[in-house]
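Asks: Let me give you the structure first, and then I'll get to my questions.
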Amino acid sequence: MRLLPYVYLAYMFLSLYFLMMFLMIYLRNMKKMFSYPETKKKYSVSFLVPAWNEQDTIENSIKDIENIDYEINEIIVINDKSSDKTPEILKRLAKNYPNLRIINNEKNLGKAESLNRGLKFAKSELIAVVDADSYPVADSIKKMVGFFDDEKVGVVTCPVLVRNRDKFIGKLQAIEYQIISFSRKLLDYVDAIYVTPGPLALYRKRALEDVGGFDKRNMTEDIEVTWNLAHNRWRRRMCLSTGVFSTAPEKFRGWFRQRIRWNIGGLQCIYKYRKSLFKEGIFGWFIIPLFILSTFLGLVGLAIFSYLLTRRTISNFLYTKYSIVANTSLIVLEDFYITPSILNYFGVILFIFGLILTLIMLSILKEKVFVRENLLNIPFFMLIYLSFYPIIMLISIGDMIVGKRTWR
Amino acid sequence: MLTSQKHVFWQALIVTVLLFGAGIFMGIILENWRVNRVDYLYRQSEILLLDLRAHGEIAGSTYIDCETSIAQNLVFADRVFSEAETLAKYEGAERLSGELELEHKKYDVLRALLWSRSIELRKKCKADFHNVVYIYDYDEPTLEIVAKQGVFSRILSELKEKRGGDIVLIPMAGDNNLSSVSLMMELYNVSEEELPVILIDEGVKITELQSSEEIEEFL
């Protein structure tokens, strides 16, 4: 099949392009990656914490929010009809913290609608949305508010750090989250941030109201609201010098389900904003095409991989069968001698290039956010962990087609 | 500040095009180097064959120094066989130019000449070496044929290793649209549809898989 080498070359070209793009942005901004605007303005801040059966984490989450070294106007917890001890814990906490307000949903509404309910009650200029299993760093708000001096900024986000890193899957997610954070900061310089994650995002209330709040039909309200803000020309910014610790899935099944939900949310966004493609500046010319391209490349890559794997399996089976019939050896020493093609050289160079960029990102973040990684986990992350992405994408598309959109 | 940095999209594109272009250029150089290497080996083999033929012509048709001719023929056959392995390795790694296909065709013509010469020597000198011609499917074979050909190749390599100078092993593509190869196949009743085929001493035709011991029995 003479077409395949050209498909590989196309993939390599795109990979190289994005590597180059990130590298160039980094080289231009390396001295100010961790800087944040200082402000003299005093912003009023309300926290919104949607909670559904969060008895294990909600107390520490609220305490960490209370410990933030910025004056918080109110913390609004929206209890989404929890069936565990969350309501009792919240009642107890409310006695200790006078700025803690609790809204109890009469029925389970989901995260987006819960946030919209909370938004109606919130009185502040800025709205910090925090997941009930997340723990903002004390200086987070102080470092994030300065970005709002720019009237066009609608939301500011920060790195999500994995709190539970004891298990191998936690360590891999920690690497992933750091790479995502770093690349998100790079995307900030070209105004191309496409998600402000749920663990902590600080919104301008006016911007949220302008876009009609959170979309309850989307499975990832944080991606959707960011796209909606971009669609409405609100800027999204990233503060790399602080962070929020979050609880990552500890089992493969939980991780898999979370990723499927993220993917379906992304696909829903592509569908919802399809008419903005190649319009509206960076949103229509970069963010939407990037999502479409990554979906397409992932699926085509998976199809090619499946094709080659099937071919190789059939070929090996036939070869073994015929070797047995002919009573000849199955493997000889020459089989291990490989004459590398130019594509092999390209692949190795790209992998090394990607690895170096990843190590640079992690080493920079390690200094600033005191997180250490086992170096051996990084190749595993790049070669095995990332290979699951296209499979998850395929399942997500299947789930979306058959209408499986629940996430709880 | 934000707007000015958007230039990075096309700047990165230019850098990528340059780097990628350099990579492709180096890839073409690498593949050309391999083509040149095969071509160099081919030209040496071609000279050797011409030399053999010239030697025969100069000696005159009535006199053939059988012993020398058979020895030279075997050396030439072994050389072409080992070069076929080099060619196959490089062909397996060729991605950009497709020039090795042409080299392959040139070698197939050379192999057809070698086969013809081996037949002639066997007749004139009543030589006791065996012609083992392996004619395979080259142009997009099915998975089944690829597997079958892989096993055939291994069996024949084992046979060659075992019998050495007793056999002249000539592997050649049977579907390369070469009139010389087609003529030889027609003469010995081999059609493209039945490839791969092992032809022993122009008489025994093997199309089904057999062990090297079973094939050896035909020698």
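The values are calculated or read from the model by the stated rules, or taken from the named source; none is laboratory data. Please read all numbers here as calculations on a predicted model, not as lab measurements. When we count neighbours, we look across all protein chains shown, and the Cβ atoms used for this are built from the backbone with ideal geometry, even at glycine.
Asks: So, of the residues in region A:331-361 that are of a type in the set (A, V, I, L, M, F, W, C) and facing chain B (nearest Cβ under 9 Å), which turns out to be farthest from A:Phe13 (Cα to Cα)?
Replies: Going residue by residue through region A:331-361, those that are of a type in the set (A, V, I, L, M, F, W, C) are A:331-333, A:336, A:338, A:342-343, A:346, A:348-353, A:355-357, A:359-361.
If we keep only those that are facing chain B (nearest Cβ under 9 Å) as well, we get A:332, A:338, A:342-343, A:346, A:349.
Numbers: A:Val332: 36, A:Ile338: 24, A:Ile342: 14, A:Leu343: 12, A:Phe346: 10, A:Ile349: 12 Å.
Selected residue: A:Val332.
Asks: Scanning region B:14-23 for residues that are within 8 Å of chain A (Cβ to nearest Cβ) and of a type outside the set (S, T, N, Q), which turns out farthest from A:Leu14 (Cα to Cα)?
Replies: For region B:14-23, the residue satisfying everything is B:Gly23.
Asks: Within region B:46-72, take every residue that is small (Gly, Ala, Ser) and modelled with pLDDT of 80 or more and give me the one that is nearest to B:Glu94 (Cα to Cα).
Replies: Taking region B:46-72 and keeping what is small (Gly, Ala, Ser), we get B:54, B:56, B:59-61, B:69, B:71.
When the remaining residues are screened for being modelled with pLDDT of 80 or more, the result is B:69, B:71.
Details: B:Ser69: 36, B:Ala71: 35 Å.
Top of the filtered list is B:Ala71.
Asks: Please find, within region A:183-197, the residue that is nearest to A:Leu240 (Cα to Cα) out of those that are surrounded by 22 or more Cβ atoms within 10 Å (Cβ to Cβ) and away from chain B (no Cβ under 14 Å).
Replies: Top of the filtered list is A:Arg184.
Asks: In addition: Which residue pairs have Cβ atoms under 6 Å apart, sit 6 or more places apart or on different chains, and have a first residue in region B:82-102 that is more than 8 Å from every other protein chain (Cβ to nearest Cβ) and a second that is aromatic (Phe, Trp, Tyr)?
Replies: Matching pairs, first to second residue: B:Leu100/B:Tyr90.
Asks: Quick one: in region B:169-213, which of the residues that are within 14 Å of chain A (Cβ to nearest Cβ) and aliphatic (A, V, I, L, M) is surrounded by the fewest Cβ atoms within 10 Å (Cβ to Cβ)?
Replies: Within region B:169-213, the first condition is being within 14 Å of chain A (Cβ to nearest Cβ), and the residues that meet it are B:196, B:198, B:206-213.
Add one more test, that the residue is aliphatic (A, V, I, L, M), and what stays is B:198, B:206, B:209.
Values: B:Ile198: 24, B:Ile206: 18, B:Leu209: 22.
In this case the residue turns out to be B:Ile206.
Asks: B:Ala84: out of contact with any Gly (no Cβ under 6 Å at 6 or more places or on another chain), of a type outside the set (S, T, N, Q), closer than 22 Å to B:Glu140 by Cβ and part of a helix (DSSP H, G or I), yes or no? Spell out how you get there, then give the answer.
Replies: Values: out of contact with any Gly (no Cβ under 6 Å at 6 or more places or on another chain): yes; of a type outside the set (S, T, N, Q): yes; closer than 22 Å to B:Glu140 by Cβ: yes; part of a helix (DSSP H, G or I): yes.
So B:Ala84 fits the description; yes.
Asks: Somewhere in region B:34-43, is a residue within 11 Å of chain A (Cβ to nearest Cβ) and surrounded by 14 or more Cβ atoms within 10 Å (Cβ to Cβ)?
Replies: Applying the first criterion (within 11 Å of chain A (Cβ to nearest Cβ)) to region B:34-43 yields B:34.
Those still in the list that are surrounded by 14 or more Cβ atoms within 10 Å (Cβ to Cβ) too: B:34.
Checked region B:34-43: at least one residue is within 11 Å of chain A (Cβ to nearest Cβ) and surrounded by 14 or more Cβ atoms within 10 Å (Cβ to Cβ).
Asks: Checking A:Phe291 against (1) under 20 Å from A:Asp133 (Cα atoms); (2) surrounded by fewer than 22 Cβ atoms within 10 Å (Cβ to Cβ); (3) under 14 Å from the mean Cα position of the chain (by Cα): exactly one of these is not met. Which one?
Replies: The single condition A:Phe291 does not satisfy is (1).
Asks: Hey, can you tell me all the residues within region B:99-142 that are buried (at least 17 other Cβ atoms within 10 Å of the Cβ) and over 16 Å from the mean Cα position of the chain (by Cα)?
Replies: Matches in region B:99-142: B:Arg117, B:Ser118, B:Ile119, B:Leu121, B:Arg122, B:Ala127, B:Phe129, B:His130.
Asks: Here's a follow-up. In the list A:Lys31, A:Lys40, A:Lys85, which residue meets the criterion of being more than 14 Å from every other protein chain (Cβ to nearest Cβ) and more than 29 Å from A:Phe214 (Cα to Cα)? Give the derivation first.
Replies: Details: A:Lys31 fails: more than 14 Å from every other protein chain (Cβ to nearest Cβ); A:Lys85 fails: more than 29 Å from A:Phe214 (Cα to Cα).
Matching residue, one of A:Lys31, A:Lys40, A:Lys85: A:Lys40.
Asks: Tell me which strands (runs of 3 or more DSSP E) are completely within region A:73-173 and hold 2 or more residues being surrounded by fewer than 18 Cβ atoms within 10 Å (Cβ to Cβ), or say none if there are none.
Replies: Numbers: elements: A:74-79, A:100-104, A:126-129, A:134-136, A:153-157, A:160-162.
Those strands (runs of 3 or more DSSP E) span A:100-104.
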